[in-house]
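Taking it in order: structure first as structure tokens, then the write-up.
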Amino acid sequence: MSLLAFCEWLMATDNSTALRESLFMYPLVESSHVLFLFLFVGLTVMLDLRLLGLALTEVKVSEMVDRILPWVRAGFAIMLFTGVLLFYAIPVRTYQSVWFRAKMIMLVLAAINIAYFHYRVYPKVAGWDADTRLPWIARRAGLASLILWAGIIVAGRFIAYNWFDCDIQPQSAFVNWFAGCVVAATD
Amino acid sequence: MLLPFFEWCETVWLGRAVIGSLWLFPVIEAVHLLALSVLGGAVLIVDLRLLGTGLKRRSPLELWHDARPWMIGAIVGLVATGIPLFLSEPIKLYYSNSFWLKISVLPIAILFTFAIRPRVLAESVRNTARRQAVVGALSIALWITVAAAGRWIGFS
């Protein structure tokens with residue numbers, strides 16, 4: 001079963017249809033997804049700004065990680081849950097959205113950045129825990145995080161717009177390829 | 001009474017430019033969301049502390065001094081992007097309850113953050129933990145109301 005076929009099957013399920021056509025549930029899930037940016041990206045930004053030496057410079061990096069990261073994780077759990085529901089409601093169009101695909105790529109990059117920070121950077125925190133200006137590897141992780149989450153927010157918001165939707169043709173060859181559009185051959 | 005003013009707003013060039021473009025509204029809206037995220041961090045860093053969690057080793061007042069420039073920057077960014085968004089659809093907003101809720105709570109939230117909350121921040125934690133918790137919860141509630149009403153404009 002291809003991913004597209006899976007999304008088509010998903011879209012035909014009763015619960016997906018119910019969520020998609022619900023008057024209040026869908027807007028509620030969508031609003032929650034947006035509002036939890038406040039918690040999740042908000043505190044992520046504060047963590048990144050600390051790594052960059054631009055905010056909370058008197059707070060130890062380890063204290064930020066110990067005291068703020070649990071909130072970030074909780075926020076991410078809610079983002080993931082509401083995000084999966086949003087995909088579940090509109091699977092085919094979302095799967096074939098260039099913005100959704102760009103968002104997923106940036107999410108993978110953000111995950112790599114987090115793993116890099118966790119396994120390569122943070123183990124050395126004792127050497128610069130209270131410093132204002134951190135080593136480049138730590139600042140780089142904060143900067144990459146800021147750029148990636150900003151890109152993820154923008155791409156996520158743009159999923160709502162249909163500029164590059166598969167059912168609006170003609171699109172450029174790149175869009176059709178990147179979105180995985182199934183375009184009927186023209187003569 | 002205000003309707004003529006909203007009708008005039010509709011004629012302002014900035015709103016016209018936003019309507020005339022396919023990309024401008026979504027791009028400004030996305031930047032509005034970016035600024036909202038920064039606002040969230042700047043608000044919560046202080047309010048989590050008032051609620052007795054978060055960065056406990058630093059006083060609420062110190063955290064507010066750290067967060068304030070980002071809070072101001074976020075509000076400036078939100079207003080600067082909010083104005084062109086408003087000018088692109090003032091008549092729709094005039095008839096939107098969500099808009100009126102948002103625009104009424106916004107000055108309260110700003111006033112609360114910059115005039116009322118700082119007074120509680122300076123108090124000693126020992127005697128005023130409960131009052132600080134109430135103020136922290138109220139601050140979160142006010143800003144979430146502004147943001148939620150803003151999001152709900154799009155559904156009406």
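The values are calculated or read from the model by the stated rules, or taken from the named source; none is laboratory data. Not measured: the values here are computed from a predicted model. Because the Cβ atoms are built from the backbone with ideal geometry, glycine has one as well, and the counts that use them run over all protein chains shown.
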query: Could we say that residue B:72 is surrounded by fewer than 16 Cβ atoms within 10 Å (Cβ to Cβ) and within 30 Å of residue A:66 (Cβ to Cβ) here?
result: yes
statement: Picking from B:85, B:14, B:48, the residue that is part of a helix (DSSP H, G or I), within 9 Å of chain A (Cβ to nearest Cβ) and in contact (Cβ under 8 Å) with a residue 40 or more places away in the chain would be B:48
task: Select from the range A:11-58 the residues that are more than 10 Å from chain B (Cβ to nearest Cβ) and of a type in the set (Asp, Glu) and list them in ascending order.
output: A:14, A:21
- prompt: What tally of residues in the range B:51-63 results from selecting those that are within 9 Å of another protein chain (Cβ to nearest Cβ) and of a type in the set (A, V, I, L, M)?
  reply: 2
message: Given the options A:125, A:154, name the one that is at pLDDT below 95 and either under 30 Å from residue A:58 (Cβ atoms) or assigned to a helix (DSSP H, G or I) (or both).
response: A:125
- request: Mind listing whichever residues of the range A:47-65 are assigned to a helix (DSSP H, G or I) and either free of Cβ contacts under 8 Å to residues at least 40 places away in the same chain or at positive phi (or both)?
  value: A:63, A:64
task: Determine, yes or no, whether residue A:134 is part of a loop (DSSP other than H, G, I, E, B), modelled with pLDDT of 90 or more and surrounded by 15 or more Cβ atoms within 10 Å (Cβ to Cβ).
output: yes
Residue A:42 modelled with pLDDT of 95 or more, closer than 22 Å to residue A:101 by Cα and of a type in the set (Gly, Ala, Ser): no
message: When the residues of the range B:17-36 are narrowed to those that are within 7 Å of chain A (Cβ to nearest Cβ) and in contact (Cβ under 8 Å) with a residue 12 or more places away in the chain, which ends up farthest from residue B:116 (Cα to Cα)?
response: B:29
- prompt: Considering the range A:1-27 alone, what residues qualify as being among the acidic types (Asp, Glu) and touching a residue at least 12 places away in the same chain (Cβ under 8 Å)?
  reply: A:8
